[in-house]
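What follows is one structure encoded as structure tokens, with my remarks underneath.
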Amino acid sequence: MPASFDGNDGNDGNSANAGGGGNATSASGGWYFADRVNLPLVTEPDTGPNASTPTKMIGQLATINVQLFPDRNWSAEWYSWLALNEFAATPLSSIDPHTQPTWPSWVPYPPPANWSTLNQQVQVQTEVTDLVTAAMEERADAMAEILSQADEFISYFLNMMTARPGAYPQTAKVLAIASLVGTFVAMYFKNLYRRPRPSQLCPALLPPIEVPGHASFPSGHSTQAHLMALSMNEVLNGLPQQSTMVDDLWTLADRIARNREIAGLHYPSDTAAGVAIAQTVITLLMAPTGTGTKTKFQQAVADATEEWI
């Protein structure tokens, strides 16, 4: 699951943006200035068309009054943390499947560690059997994507939309927020249910990448990826490219989540839970604030829409 724009690096691959080393978009690579105290430019006179009289040196303080750090100057990585600060006030217990009557019936509850009922034992055995089959039949072909998506996948969404962070900075912010919020919510449920990883029950799955150091349910990748697709649905709402592009992004989210199953890291029910949670979270993110003002996420969505008109 992940997030710093270095990116999706939370889950050890997708770790809550706590690592921010994956979904890279705002990385500073390529920027380097020589380390010199007495740069010639500092002592040069201001010769621009709006230069003051008497002429001041470029190294002097600007005469314009810069009091606040502009919103547009926040990188996608750090702006997503501002949005998370707002979202963190939302009581996540309200979407707990044990207290939420609208929890989708197609998402199985994660079994307790001791699998207290026969039905739960059958559910787990069926899912593990499916994962063993997937490892044998699909893992070789999916290996490149499994490795590439372990730590970040915002780049996959941007590439599918033929968008680059520099050209679509607000869109990058929306995706970064979805990644970070998705991780935050997924971690809440992971701690709540503490479901063992499939490879703990069936070591023969032998995941080809490091098993993340947190519980299995729900899939953070699934939660994040589907929340990204739903967020872009809000960005493109009413625009000509909405239906085709969002359908493609949803399919991409399904594929990212499925790759985690093929790798032996998640059960299919982990994936389904991620989808259901993402569908609930997007309604929370887009809910009216009651104050007439937009949240950081809502403002980013509005600004991103302008990039696609």
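The values are calculated or read from the model by the stated rules, or taken from the named source; none is laboratory data. In this text, all values refer to a predicted model and were calculated from it rather than measured experimentally. Because the Cβ atoms are built from the backbone with ideal geometry, glycine has one as well, and the counts that use them run over all protein chains shown.
Within the range 302-309, can one find any residue that is over 24 Å from Ser219 (Cα atoms), part of a helix (DSSP H, G or I) and aliphatic (A, V, I, L, M)? Yes, the range 302-309 has at least one match.
The set of residues in the range 289-298 being touching a residue at least 40 places away in the same chain (Cβ under 8 Å) and assigned to a helix (DSSP H, G or I) consists of Lys296, Phe297.
In the range 184-238, which residue that is under 24 Å from Tyr156 (Cα atoms) and of a type in the set (Ser, Thr, Tyr) is surrounded by the fewest Cβ atoms within 10 Å (Cβ to Cβ)? Looking at residues that are under 24 Å from Tyr156 (Cα atoms) and of a type in the set (Ser, Thr, Tyr), I get Ser216. Which one is nearest to Gly182 (Cα to Cα) among residues in the range 55-82 that are at pLDDT 70 or above and more than 32 Å from the chain's Cα centre (by Cα)? Among those residues, the one meeting the criterion is Lys56. Within the set Met161, Met143, the sole residue that is at pLDDT 95 or above and buried (at least 16 other Cβ atoms within 10 Å of the Cβ) turns out to be Met161. Among the criteria (1) modelled with pLDDT of 80 or more; (2) of a type in the set (A, V, I, L, M); (3) under 29 Å from Ile209 (Cβ atoms), the one Ala89 does not fulfil is (3).
Selection of the range 290-309 for residues being within 22 Å of Trp78 (Cβ to Cβ) and either in contact with a strand residue (DSSP E or B) (Cβ under 7 Å, 6 or more places away or on another chain) or β-branched (Val, Ile, Thr) (or both) yields Thr293, Thr295, Val301, Thr305. Specify which of the listed residues (Ile282, Ile256) is part of a helix (DSSP H, G or I), aliphatic (A, V, I, L, M) and without any contact (Cβ under 8 Å) to a residue 60 or more places away in the chain. Selected residue: Ile282, the only one of Ile282, Ile256 that is part of a helix (DSSP H, G or I), aliphatic (A, V, I, L, M) and without any contact (Cβ under 8 Å) to a residue 60 or more places away in the chain.
The set of residues in the range 259-278 that are among the hydroxyl-bearing types (Ser, Thr, Tyr) and not in a helix (DSSP H, G or I) contains only Tyr267.
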